[in-house]
1. Restricting to the range 98-120, count the residues that are surrounded by fewer than 16 Cβ atoms within 10 Å (Cβ to Cβ) and in contact with an Asp or Glu (Cβ under 7 Å, 6 or more places away or on another chain).
2. Might you check whether a residue that is buried (at least 18 other Cβ atoms within 10 Å of the Cβ), part of a strand (DSSP E or B) and among the β-branched types (Val, Ile, Thr) occurs anywhere in the range 128-136?
3. I need the full set of residues from the range 186-245 which are part of a loop (DSSP other than H, G, I, E, B), in contact with a Pro (Cβ under 7 Å, 6 or more places away or on another chain) and not aliphatic (A, V, I, L, M), in order please.
4. Please go through the range 9-40 and give me each residue that is within 20 Å of residue 174 (Cα to Cα), among the small types (Gly, Ala, Ser) and in contact with a helix residue (DSSP H, G or I) (Cβ under 6 Å, 6 or more places away or on another chain), ordered by number.
5. Does residue 178 satisfy the criteria of being of a type in the set (Ser, Thr, Tyr), without any contact (Cβ under 8 Å) to a residue 40 or more places away in the chain, touching a strand residue (DSSP E or B) at 6+ places or on another chain (Cβ under 8 Å) and not in a helix (DSSP H, G or I)?
6. Enumerate the strands (runs of 3 or more DSSP E) found wholly within the range 1-109, keeping only those where 3 or more residues are among the hydroxyl-bearing types (Ser, Thr, Tyr) and within 17 Å of the chain's Cα centre (by Cα).
7. Which of the residues belonging to the range 54-86 are surrounded by 12 or more Cβ atoms within 10 Å (Cβ to Cβ) and more than 23 Å from residue 211 (Cβ to Cβ)?
8. Within the range 54-63, can one find any residue that is touching a residue at least 12 places away in the same chain (Cβ under 8 Å), within 16 Å of residue 183 (Cα to Cα) and in contact with a helix residue (DSSP H, G or I) (Cβ under 6 Å, 6 or more places away or on another chain)?
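The values are calculated or read from the model by the stated rules, or taken from the named source; none is laboratory data. All figures in this text were calculated on a predicted structure; none of them were measured in a lab. Cβ placement follows ideal geometry from the backbone for every residue including glycine, while neighbour counts extend to all protein chains displayed.
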Amino acid sequence: MKKDTLSKAIAKKLKDNKVKLSSLYNQPNPHTTTKYFFIDDLLSPEITSEIFNSFPNQNELNLRDTFREKKYTSKNFKSEIIHHITDAFQDAIVVKEIEEITSINNLISDPSLYAGGISRMDKGHFLNPHIDNSHNGNRSLYRRLNLLFYITPNFKQEYGGNLELWNEKVTTPIEIPSIFNRLVVMETNKSSWHSVSPVLSNINRCCVSNYLFTSESPDKNDYYHVTSFLGRPNERIKRIYGRLDNFMRNTFVKVTGISRGKKLIRK
């Protein structure tokens, strides 16, 4: 399956559901300030299953294991279809449809996959509440949208590993199940706290992720922050340590200009 075929299928699905998706993205939600939409059955089940079956083995992925998160990631793929599906989300015809749904103009894709790519989460893995890095790798663009395509067959909400979008004080989330063949598009800004609930079952929770950027910030004012984590509401020590950790890492980058950006891109 070639990139152009995939991007055309994605763009058509978005276009055919544009009115509904725009309404979902813009409707007020009392539980989160983060705008989002999701669409199910994005591609044919056969194609999405092929993408899942082409995911790298565990020993080909990079394990991140800190108080912030535990998951496998990669942005350098041997599989042709993984290349094509990742690049399809960055195709101009897909970006155009997302612009029209979200009313965010002049969105810019990121072939370097800074902080994007693929991820796999197994039993016991998690992603604590966080806001994404505000920029791309060289801090020339503002991150605006996160595209998350979930591809694990027969996934059930009770397995854990679901996307959570939090209120601004990070006390209450809404949960969006990471079900098979679902695309979630969510905004990223200074208050778009989100997380992945702990995986409770022996599954491979797999996701293809991309980011879209603009040259202007979401609120029209210049700002910068690193990816910033907190613990969950019942994790008081992690919440305290997370705020200290966020402050120290933000201060270091602002003073030195040194960040992990150049190491987090596709080779």
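1. Matching residues across the range 98-120 total 1.
2. Let us first name the residues in the range 128-136 that are buried (at least 18 other Cβ atoms within 10 Å of the Cβ), namely 128-136.
Subset that is part of a strand (DSSP E or B): 128-131, 135.
In the following step, the residues that additionally are among the β-branched types (Val, Ile, Thr) were identified as 131.
Yes, there is a match, as at least one residue in the range 128-136 is buried (at least 18 other Cβ atoms within 10 Å of the Cβ), part of a strand (DSSP E or B) and among the β-branched types (Val, Ile, Thr).
3. Going through the range 186-245, the residues part of a loop (DSSP other than H, G, I, E, B) turn out to be 188-193, 197-198, 200-204, 215-227, 230-235.
Restricting the remaining residues to those that are in contact with a Pro (Cβ under 7 Å, 6 or more places away or on another chain) gives 189, 193, 230, 232.
If the condition is that a residue be part of a loop (DSSP other than H, G, I, E, B), in contact with a Pro (Cβ under 7 Å, 6 or more places away or on another chain) and not aliphatic (A, V, I, L, M), then 189, 193, 232 are the ones that fit.
4. 22 - this is the single residue of the range 9-40 that is within 20 Å of residue 174 (Cα to Cα), among the small types (Gly, Ala, Ser) and in contact with a helix residue (DSSP H, G or I) (Cβ under 6 Å, 6 or more places away or on another chain).
5. Working: of a type in the set (Ser, Thr, Tyr): yes; without any contact (Cβ under 8 Å) to a residue 40 or more places away in the chain: yes; touching a strand residue (DSSP E or B) at 6+ places or on another chain (Cβ under 8 Å): yes; not in a helix (DSSP H, G or I): yes.
Yes; evaluated as a whole, the condition is true for this residue.
6. On the way: elements: 36-39, 62-65, 69-74.
Ranges flagged: 69-74.
7. Hit for the range 54-86 is 67, nothing else.
8. Restricting attention to the range 54-63, the residues satisfying the condition of being touching a residue at least 12 places away in the same chain (Cβ under 8 Å) are 54-56, 58, 60-62.
Among the residues that remain, those that are also within 16 Å of residue 183 (Cα to Cα) are: none.
So far as the range 54-63 goes, no, none of its residues is touching a residue at least 12 places away in the same chain (Cβ under 8 Å), within 16 Å of residue 183 (Cα to Cα) and in contact with a helix residue (DSSP H, G or I) (Cβ under 6 Å, 6 or more places away or on another chain).
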